[in-house]
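Structure record follows, encoded as structure tokens.
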Amino acid sequence: MIEFSVLGSGSKGNSTFLRINGYSFLFDCGLSCKQVELRLEKIGVSPSSIDAVFLSHEHDDHIRSIHTFSKRYNVPIITSEKTFKAGRLDDKGIKDKVFVESGKTFSEFKGVDVFFIPISHDAADPVGFVVYSEGIKFALVTDLGYPTELVSHELKGADALIIESNHDPEMLKLSTKYPWELKQRIASRKGHLSNGDCARLVERVISDNTGYIVLAHLSEENNNPDIALMSVSRVVKGMPVSIDIAKQNEPTPIYSLSKVEKV
Ligand SMILES: [Zn+2]
Ligand SMILES: [Zn+2]
């Protein structure tokens, strides 16, 4: 059985909890350390039970409290060397680290394979993650300028999928709060995935196995959860999949999934 919860997601901080094959992991540590602790407690998980933190890329909303968390709980960081350097994690005294190249699989935790999918985003070596264990496939991909062939290939048939649905292009265009350069960056092929692109990607990768889709990294300024939900709901019509939205300020419930052999 796997269990997961998105502790928080959006431009103010991202972190996701996953328990799989007896191990507990965090993917990104971009909330304050206090919030990571509080939100883990809220879902009944002790921060000291975390076995490792995987980092997707060096943007602050993904690594904000990693040095504090890693040192406080003596937790190793698993990421690419380029992300580690670009995030200046050396300067913060982090010693316990393992480097994994993007495009490679990390298999040091028995019975768990974590594949680092290269993605298109304006960071040194950004990745999404696909985790395989117990016959279950769990995928987590945010901060995605556009979905490459590789991304759709790797996500195909995931049992649980956490995927970015960042903005509504019209709302982004009309926003008066964002300067033109920032709007360009968000909408670019190295920025963030729009609701429409997210829905098209989901349509390509969803299968009968897919039990959960969690939409993540929604912009508080340029999106509306109802629009994001509607956009994906249209493409999964009739399939028995539960769709939820990850929030910035509170964790999702713990979702659990076990493999039931289909006959
Ligand atoms: Zn981000
Ligand atoms: Zn980013």
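The values are calculated or read from the model by the stated rules, or taken from the named source; none is laboratory data. Here the structure is a predicted model, which means the values were calculated and not measured. No Cβ is skipped: glycine too gets one built from the backbone with ideal geometry, and neighbour counts run over all protein chains shown. Quick note on the areas: whole protein, heavy atoms, side chains included, nothing else; ligands and nucleic acids left out. Shrake-Rupley method; radii C 1.70, N 1.55, O 1.52, S 1.80 Å.
Of the residues screened, Asp90 is one that is open to solvent by 10 Å² or more (accessible area, probe 1.4 Å) and either farther than 26 Å from Asp226 by Cα or of a type outside the set (Ser, Thr, Tyr) (or both). Checked against the criterion of being at pLDDT 95 or above, over 23 Å from Ser11 (Cβ atoms) and touching a Lys or Arg at 6+ places or on another chain (Cβ under 7 Å), the candidates Val130, Val114 yield just one match: Val130. Scanning region 46-82 for residues that are surrounded by fewer than 24 Cβ atoms within 10 Å (Cβ to Cβ) and of a type in the set (Gly, Ala, Ser), we see that the one that is nearest to ligand 2 (Cβ to nearest atom) is Ser65.
Residues that are surrounded by 15 or more Cβ atoms within 10 Å (Cβ to Cβ) and among the basic types (Lys, Arg) within region 205-253 comprise just one, Lys247. Test Ala139 against the stated conditions and say whether it is within 18 Å of Leu18 (Cβ to Cβ), among the aliphatic types (A, V, I, L, M), in a loop (DSSP other than H, G, I, E, B) and within 17 Å of the chain's Cα centre (by Cα). No; evaluated as a whole, the condition is false for this residue. Restricting attention to region 36-84, the residues being part of a loop (DSSP other than H, G, I, E, B) and of a type outside the set (Ser, Thr, Tyr) number 13. Among the strands (runs of 3 or more DSSP E) confined to region 197-260, the ones with at least 1 residues that are more than 30 Å from Thr176 (Cα to Cα) and touching a helix residue (DSSP H, G or I) at 6+ places or on another chain (Cβ under 8 Å) are located at 212-216, 242-245. When you scan region 44-74, how many residues do you find that are within 16 Å of ligand 1 (Cβ to nearest atom) and among the hydroxyl-bearing types (Ser, Thr, Tyr)? Residues flagged as within 16 Å of ligand 1 (Cβ to nearest atom) and among the hydroxyl-bearing types (Ser, Thr, Tyr) within region 44-74 amount to 2. Under the condition of being out of contact with any Leu (no Cβ under 7 Å at 6 or more places or on another chain), among the polar types (S, T, N, Q) and closer than 17 Å to Ile163 by Cβ, the residues counted in region 1-28 number 4. Does region 171-178 contain any residue that is under 23 Å from His57 (Cβ atoms) and open to solvent by 20 Å² or more (accessible area, probe 1.4 Å)? Yes, because at least one residue in region 171-178 is under 23 Å from His57 (Cβ atoms) and open to solvent by 20 Å² or more (accessible area, probe 1.4 Å).
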